[in-house]
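Here is the structure we will look at, set down as structure tokens.
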2 protein chains.
Amino acid sequence: MIKGISTTEQRPYHHGDLHRAIVEAALDVLSESQSTEFSLRELARRAGVSHNAPYKHFADKRELLAAVSAVGFELLAKRMAEATKELDSPRQRLGAMARAYVCGGVNNPALYRLMFGGYLGGQDDGRPAIERTAAYNMKALVVDAISDGALGRPIANTEANTRMFDGAILVFWSQMHGLTLLLADRLVGPSDKMEELTESVLQGMLDGLANCIPAVPSGVWVGPPLAG
Amino acid sequence: MIKGISTTEQRPYHHGDLHRAIVEAALDVLSESQSTEFSLRELARRAGVSHNAPYKHFADKRELLAAVSAVGFELLAKRMAEATKELDSPRQRLGAMARAYVCGGVNNPALYRLMFGGYLGGQDDGRPAIERTAAYNMKALVVDAISDGALGRPIANTEANTRMFDGAILVFWSQMHGLTLLLADRLVGPSDKMEELTESVLQGMLDGLANCIPAVPSGVWVGPPLAG
DNA sequence: CAAAAATGTTGACATGAGCAACTTAAAAAC
DNA sequence: GTTTTTAAGTTGCTCATGTCAACATTTTTG
């Protein structure tokens, strides 16, 4: 038969980029249904392939979800980078980053749950590698924004400072993370005041951070990506 | 046949309290597997009943999970109450409560994910009633501990104070919540320093709270359970 | 161009959610 | 104290899904 002319556009035997298509379908379904309990078969249907085609690209559902999660981390990192690009003040940059983090969660709670909640990575084996590196890169942005940006100045690389700084990161990140999830999971709000309230919490975080870091004579601090 | 004597202890046709048995089995499996992707059939097996018996007590899996989640909230509330019972200082009480909150999450991440993550309650319909009330009671403990306990003094019931206080609750809760989930989902740590670090974050929260609440001449503040 | 590797396809199996029809024990009605 | 009603359990279905195996069709490689 001659390649699909007229009415029925015959697809070629090979899809072209099924891997991407499946991940995108998964992101769509996840976004629509706000649940990870979709079926691989559903994704295959959406991509217009047979129910088993996805298995040529993902060993199992877990691996697919890891890929989706990784894309989520990349998207978040991109948005954070985008948001901070044009800003001069370190404080503004950190604020913008936190805002991007929160917005991402509020706009797509299920994706954040997949990314942060331990659907993957049951206890000892840890998360799939692909996801871990994406998450690591995103984390690095957060830590950089706090260390380089928020402080606006180098601090001495002493034991005490390292500990203090790890604490500051943990404080800032957990605050931002918790705010995001409380909003995303609707444990607080929604309310007219929430946006204003959220903003004031963010400002409080920035203030708190500025206050808790003492001035230090010299020395550039180079720390581990995170405590532990 | 005479009721099971000798070797085979014949169970009576009716279980007695299957509802409770199923929920407990679910808590066990959840705790062991750290996943909500167990089957109702598995629970039925554990309870020694047929695969369909649970449906006489729960309309579907969602309803069962809601019941489990509710028990989780009750357990948490009980532990928080227990932890604060014997303590005199408001600050100590609030600290103990936060510690209980964090520990609960670290010890059983999957249960917290079920409780707080929006597995249930897809967007508009909201969470099942049974779960909502349990969550509400737990939230009330948190808010009470902050308002009554942490401040250690009444504040005037003004518009500004209400807003300020809503903010303080949001700050404190999101900090505690975020810390819990970062630890539970292993996005930070584990490390030897984590416990110490966690404790210092908690102390920081308490300090921050004390500092941000201004002294006020008189008037007892009676606030809504939460912003929104 | 032939062989090998990717990528898709169909078919099968086991497991699980949830419905229907039937059974048994306990409770309620008389 | 029997009869009737109802709650709680049981067996047996149907349908969807994850995943395996075997086969088909391209594309790549040697």
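A few points about this structure:
- Of residues in region A:73-115 being closer than 15 Å to residue A:134 by Cα and without any contact (Cβ under 8 Å) to a residue 60 or more places away in the chain, the one surrounded by the fewest Cβ atoms within 10 Å (Cβ to Cβ): A:78
- Test: residue in region B:30-47 that is on the phi > 0 side of the Ramachandran plot, surrounded by fewer than 14 Cβ atoms within 10 Å (Cβ to Cβ) and touching a helix residue (DSSP H, G or I) at 6+ places or on another chain (Cβ under 9 Å): no
- Any hit, region B:44-61, residues being more than 14 Å from every other protein chain (Cβ to nearest Cβ) and away from DNA strand D (no atom under 13 Å from the Cβ): no
- In the condition set (1) farther than 30 Å from residue B:197 by Cα; (2) part of a helix (DSSP H, G or I), residue B:38 is compliant with all but (2).
- As a summary of the residue check, residue A:21 satisfies the conditions (1) within 13 Å of DNA strand D (Cβ to nearest atom); (2) buried (at least 20 other Cβ atoms within 10 Å of the Cβ); (3) more than 30 Å from residue A:171 (Cβ to Cβ); (4) not polar (S, T, N, Q) except for the one numbered (1).
- Candidate set: region A:157-172, residues that are within 7 Å of chain B (Cβ to nearest Cβ) and under 14 Å from residue B:193 (Cβ atoms); chosen: the one surrounded by the most Cβ atoms within 10 Å (Cβ to Cβ): A:170
- Qualifying residue in region B:99-120 (condition: under 11 Å from the mean Cα position of the chain (by Cα), within 16 Å of DNA strand C (Cβ to nearest atom) and within 14 Å of chain A (Cβ to nearest Cβ)): yes
No value in this document is a laboratory result; all are computed from the given coordinates. The structure displayed is predicted, hence computed values, not measured ones. When we count neighbours, we look across all protein chains shown, and the Cβ atoms used for this are built from the backbone with ideal geometry, even at glycine.
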